[in-house]
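Only one structure is covered here, and it is reproduced in the block below.
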Amino acid sequence: MSGNRDSSGIPLFDLSLVHEPIFSELTSAVEQVAKSNRFINGKSVSDFEAAFERYHGSGYAVGLSSGTDALLVALMAMGVGPGDEVITTPFTFVSTAEVILRVGAKPVFVDIDEHTFCIDAKHIASKITSRTKAIIPVHLFGRACSMEEIHAISEQAGLVVIEDCAQAMGARARSNLVGTLGDFGAFSFFPTKNLGGWGDGGMLLCSTREKALRVKSTRDHGAIKKGRYESMGGNFRLDSVQAAVLLRKLDYVDEWRQKRQRAARLYNRLFAEAGFRGHASDPLIPPSEDPQGEHSFGLYVIRASDRDELADYLAQSSIGCGKYYDMPLHLQGSFSHLGYERGDFPVAEGAARQVLAIPCYAGITEEAQETVVQAITGFYNS
Ligand SMILES: *Cc1c(COP(=O)(O)O)cnc(C)c1O
């Protein structure tokens, strides 16, 4: 996910459009941290955590070093480890399942729903064993999972629910913001995410104060007080400079989300006008809105037949695009010891052959979107 601007074409992301209008606000926030000489923790981190809680209307926020570390720390804080199983999706960024291996537990994959690309809740119950400790649903591309079903299953089996909200800040499952529905919401502030820093950063939104205290201890080497260490932890802190930038950017995150949503709706309309209305037999299927919740369009991802040829064609036309994801995790080398095979998760494997993200960022112009749609329809008509 590069945020670079290509002056001649249409990039997949264009961070300059969100940063330029507030550039001096952001640099003065950085300057304040520099002048305070408090580079670790301090006011910018606690202010950002408090603002993040207010934004979500519930939960206890703990700033962390990255989205990957947020997922890892949630597992560590809950004592998930060797002999335990954690259920998740094979169709996600590698972090989601990598952290399960890092604590010594076993990822158990469940296939996805073909329309939402999220874990298919109806297949979860059959994968639960006496060793299952947690489930990590991923709100992929900004579309919320069916949290009601997942909640019911996890409640009954006594599982910890860690929502991977890395791509979905601001999305809603029914009327609830993602991250407020499980035991933990894990967020990433990688620069191209819905709320992005000027570097790496992450957050756990915890459902109770008690869990937040465990997370705070884990982020600080398992300390219970200065110099006294009670459990395994590490240095998982959010930088003060990042917190200062993120606190300023938080004021704009809803405006940027609304702009992406408007851009997504325009794409859907332009594709429909070009004859692509979401029928299964069409060569191109645009993403659907969430009829019950709210899609935050962290990425706008189409399903395209001849996807690789289309991606090459767009690249030649200087239009940015990205294959999120072209290989599901159960087929990746780092998970091969789990013994999964091609064919185990046919829906995820099918999606991996067809998905393509196209430019849909806050500030993209209607003209640019028309150019993208013309290029794509031109590809299929030629
Ligand atoms: C980006 C991402 C992560 C990891 O976040 P980092 O901040 O890059 O470590 C985890 N899960 C998903 C689904 C992501 O998209």
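The values are calculated or read from the model by the stated rules, or taken from the named source; none is laboratory data. Just so you know, these numbers come straight off a predicted model, no measurement behind them. Counting neighbours? That spans all protein chains shown, and the Cβs are built from the backbone with ideal geometry, glycine included. SASA here: full protein model, heavy atoms, side chains in, ligands and nucleic acids out. Shrake-Rupley method; radii C 1.70, N 1.55, O 1.52, S 1.80 Å.
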For the chain, what is the calculated [θ] at 222 nm in deg cm²/dmol (nearest 500), taking -39500 (n - 2.57) for each run of four or more DSSP H residues and dividing by its residue count?
-> -11500 deg cm²/dmol
Net charge contributed by nearby residues that have their C-beta within less than 12 Å of ASN194 (K/R +1, D/E -1) = +3
Taking a probe of 1.4 Å and leaving out DNA, RNA and ligands, the chain shows per residue an accessible area in Å² of 43
When only the heavy atoms of the protein chains count and the probe is 1.4 Å, how do TYR267, TYR324 rank by accessible area, highest first?
-> TYR324, TYR267
Mind putting a number on the dipole of the chain about its Cα centre? Charges go on the C-beta only, +1 for Lys and Arg and -1 for Asp and Glu, and I need it in Debye to the nearest 20.
-> 1280
For ALA157 and SER281, what does the FRET efficiency come to when R0 = 41 Å and r is the distance between their Cβ atoms, rounded to the nearest 0.05?
-> 0.60
Cβ-Cβ cut-off under 11 Å around ALA272, Lys and Arg +1, Asp and Glu -1: the net charge is +1
Round to a whole angstrom and tell me the spacing of the C-alpha centers of the range 44-119 and the range 218-257.
-> 15
Of all DSSP beta bridges in the chain, what percent run antiparallel (nearest 5)?
-> 60
Using the structure shown, select from LYS35/LYS249; LYS127/LYS193; LYS43/LYS211 the pairs with a Cα to Cα distance greater than 27 angstrom.
-> LYS127/LYS193
Among the DSSP H helices of the chain, those whose Cα atoms extend at least 27 Å along the helix axis and whose mean Kyte-Doolittle hydropathy is 1.0 or higher are none
Ignoring ligands, DNA and RNA, what percent of the accessible area of the chain is carbon or sulfur (1.4 Å)?
-> 48
Which of PHE23, PHE48 is most accessible, then next, and so on - probe 1.4 Å | PHE23, PHE48
State log₁₀ I(q)/I(0) for the chain at q = 0.07, 0.11 Å⁻¹ as given by the Debye formula over alpha-carbon point scatterers of equal weight, solvent excluded.
-> -0.31, -0.77
With every protein chain kept in the model, how would you rank HIS221, HIS295, HIS279, HIS115 by accessible area, 1.4 Å probe, largest at the top?
-> HIS115, HIS279, HIS221, HIS295
For ASP84, what charge total do you get from the other residues with a beta carbon under 14 Å from its beta carbon, if Lys and Arg give +1 and Asp and Glu give -1?
-> +4
Can you give the charge dipole size of the range 236-349 about its Cα centre, rounded to the nearest 20 debye, using +1 on the beta carbon of Lys and Arg and -1 on the beta carbon of Asp and Glu?
-> 480
Going residue by residue through the range 223-228, the Karplus relation 6.51 cos²θ - 1.76 cosθ + 1.60 with θ = phi - 60° gives ³J(HN,Hα) values, rounded to whole Hz and with x marking Gly or Pro, of 6, 9, 7, 4, x, 10
Given a 1.4 Å probe and the protein chains all in place, what does the accessible area of ASP326 round to, in Å² to the nearest 10?
-> 90
Would you check the accessible area of TYR60, probe 1.4 Å, heavy atoms only, in square angstrom rounded to 10?
-> 90
In whole Å and largest first, what semi-axes does the C-alpha gyration tensor of the range 254-381 yield when each eigenvalue is scaled by 5 and square-rooted?
-> 27, 18, 14
Listed highest first by mean packing, meaning other Cβ atoms within 10 Å per residue, what order do 151-164, 30-43, 237-250 come in?
-> 237-250, 151-164, 30-43
